[in-house]
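One structure is given here, and the rest of the page talks about it.
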Amino acid sequence: MDEHFFKVNKWLYPVSWLYGTGVAIRNKLFDWGILRSKSFDVPVICIGNLAVGGTGKTPHTEYLIELLNKKYHVAVLSRGYKRRTKGYVLATPESTVQTIGDEPYQMHTKFPAITLAVDENRCHGIGKLLAIKEPAIDVVLLDDAFQHRYVKPGLSILLTDYHRLFCDDALLPAGQLRECIGGKNRAQIVIVTKCPADIKPIDFNIIGKRLDLYPYQQLFFSSFQYGNLQPLFPETSSDPQAVESEKPLSFLEGASILLITGIASPAPMVEKIKEYSEHIDQLSFDDHHQFTNRNMQLIKERFNKLEGEHRLIVTTEKDATRIAGHPHLDNDLKPFIYTLPIEIEILQNQQNKFNQHIIDYVREDTRNSSLPKRKDAYQS
């Protein structure tokens, strides 16, 4: 089945109505000040979505890290989904996927200069981060915290998947929305993610009208761009050049590929690899899947069934964090495993405009920000 097709289970609407009533009451309690949202003395940027599942939060968070890290000391705070620890944990060189979660571990590995922590209680986590004096935190990025309203971010970025726009979706369990569509009004920036390479100019206008944003909200579109293949275990490669070098995507041409994914939406990655090879055997697992010993055995069995001399295992950066340290990963497979990095491209020649919005917010006090002001940011 085409992953880009989805349906709303209308027979579950009564349950969704009950769920939505509870969520709406909670939001109103925040709107009326009965439940309090806390502001902080540093710029806080929230990156989130209305739906469950992957909209590309981690690549967009990494984009912001790269944008800001040259001038500011950036801190990232995440919940640390499926980690085996509780409470506040500050990432260190000894941190593992088990202690901080796969996505935070990925960011910590790629950007060791930033401060990264996990905490279910975002207010508590930000407080702990701001207590760090050396180096002092200049800006906090909240990963997947759009519904965590106990924190009042200065800037909220809402992501929605091109293939499953929130305006087409429904509340859980009929659809995949965590809260009512009106929650979009809390965002100053909305990004339509995972746009196809062949998206037409008229589609931008059509989607913009369907999302029905307010004048204070800025709309952007982004797509995934794939970087060069990175050997997961370069020191094990039989190719002496591979130890210090990455591989261009053309390295996939003519290869028999075992593609391993444990992400919410592997379809764009599959489509990209198909541009180079038709010989793809795919092993798909649930998002954040914890690989078992049997999974490792299955990976070995499926790899050994690949035909030809040019055989590869390709996986995502996130999945690689859970595969690399697995005690039952066969050493013979290590020279063949590559990760396919994802980068973000802002479309419509709007990258400079988007970057400037972010930089202006961080540079200036939020009350004097050059970003368009919200008329009523917390009306839902």
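Tell me which residues, restricted to segment 295-320, are among the basic types (Lys, Arg) and over 24 Å from the mean Cα position of the chain (by Cα).
Listed by number, the residues that qualify are 300, 302, 305, 311.
Considering every residue within segment 117-139, establish whether at least one is under 25 Å from residue 192 (Cβ atoms) and either touching a helix residue (DSSP H, G or I) at 6+ places or on another chain (Cβ under 9 Å) or β-branched (Val, Ile, Thr) (or both).
Yes, segment 117-139 contains at least one residue that is under 25 Å from residue 192 (Cβ atoms) and either touching a helix residue (DSSP H, G or I) at 6+ places or on another chain (Cβ under 9 Å) or β-branched (Val, Ile, Thr) (or both).
Is there any pair linking a residue in segment 326-338 that is over 13 Å from residue 304 (Cα atoms) to one that is of a type outside the set (Asp, Glu) and open to solvent by 70 Å² or more (accessible area, probe 1.4 Å), with Cβ under 8 Å and at least six apart or on different chains, and which?
Correct list of pairs: 328/293; 328/297; 335/238.
Got a sec? Which of 264, 242 is in a helix (DSSP H, G or I), out of contact with any Lys or Arg (no Cβ under 6 Å at 6 or more places or on another chain), at pLDDT below 95 and surrounded by 14 or more Cβ atoms within 10 Å (Cβ to Cβ)?
Matching residue, one of 264, 242: 242.
Considering (1) more than 19 Å from the chain's Cα centre (by Cα); (2) more than 25 Å from residue 326 (Cβ to Cβ); (3) open to solvent by less than 60 Å² (accessible area, probe 1.4 Å), say which one residue 215 fails and leave the rest.
The one condition residue 215 does not meet is (3).
How many residues are part of a strand (DSSP E or B) and either of a type in the set (Ser, Thr, Tyr) or over 24 Å from the mean Cα position of the chain (by Cα) (or both) if we restrict to segment 267-287?
3
Confirm whether residue 61 is at pLDDT 95 or above, polar (S, T, N, Q) and open to solvent by less than 10 Å² (accessible area, probe 1.4 Å).
So residue 61 passes the test.
State yes or no: is residue 315 hydroxyl-bearing (Ser, Thr, Tyr) and either crowded, with 21+ Cβ neighbours inside 10 Å or touching a residue at least 24 places away in the same chain (Cβ under 8 Å) (or both)?
yes
Out of 29, 35, report the one residue that is part of a loop (DSSP other than H, G, I, E, B) and loosely packed, with under 15 Cβ neighbours inside 10 Å.
Within the list 29, 35, the selection yields 35.
Any residue in segment 197-225 that is free of Cβ contacts under 8 Å to residues at least 24 places away in the same chain sitting within a Cβ distance under 8 Å of a residue that is open to solvent by 10 Å² or more (accessible area, probe 1.4 Å) and part of a strand (DSSP E or B)? List the pairs, counting only those 6 or more apart or interchain.
208/219
Got a sec? Which strands (runs of 3 or more DSSP E) wholly within segment 76-170 have at least 3 residues that are surrounded by 15 or more Cβ atoms within 10 Å (Cβ to Cβ) and in contact with a Lys or Arg (Cβ under 7 Å, 6 or more places away or on another chain)?
Of the strands (runs of 3 or more DSSP E) lying wholly inside segment 76-170, those with at least 3 residues that are surrounded by 15 or more Cβ atoms within 10 Å (Cβ to Cβ) and in contact with a Lys or Arg (Cβ under 7 Å, 6 or more places away or on another chain) span 155-161.
Six or more apart or on different chains, Cβ atoms under 6 Å: show the pairs whose first residue is in segment 288-306 and farther than 20 Å from residue 255 by Cβ and in a helix (DSSP H, G or I) and whose second is open to solvent by 70 Å² or more (accessible area, probe 1.4 Å) and not basic (Lys, Arg).
293/328; 296/328
The values are calculated or read from the model by the stated rules, or taken from the named source; none is laboratory data. Just so you know, these numbers come straight off a predicted model, no measurement behind them. Heads up, the Cβs are rebuilt from the backbone with ideal geometry, glycines too, and the neighbour counts pull from every protein chain shown. For accessibility, only protein heavy atoms count, side chains too; no ligands or nucleic acids. Shrake-Rupley method; radii C 1.70, N 1.55, O 1.52, S 1.80 Å.
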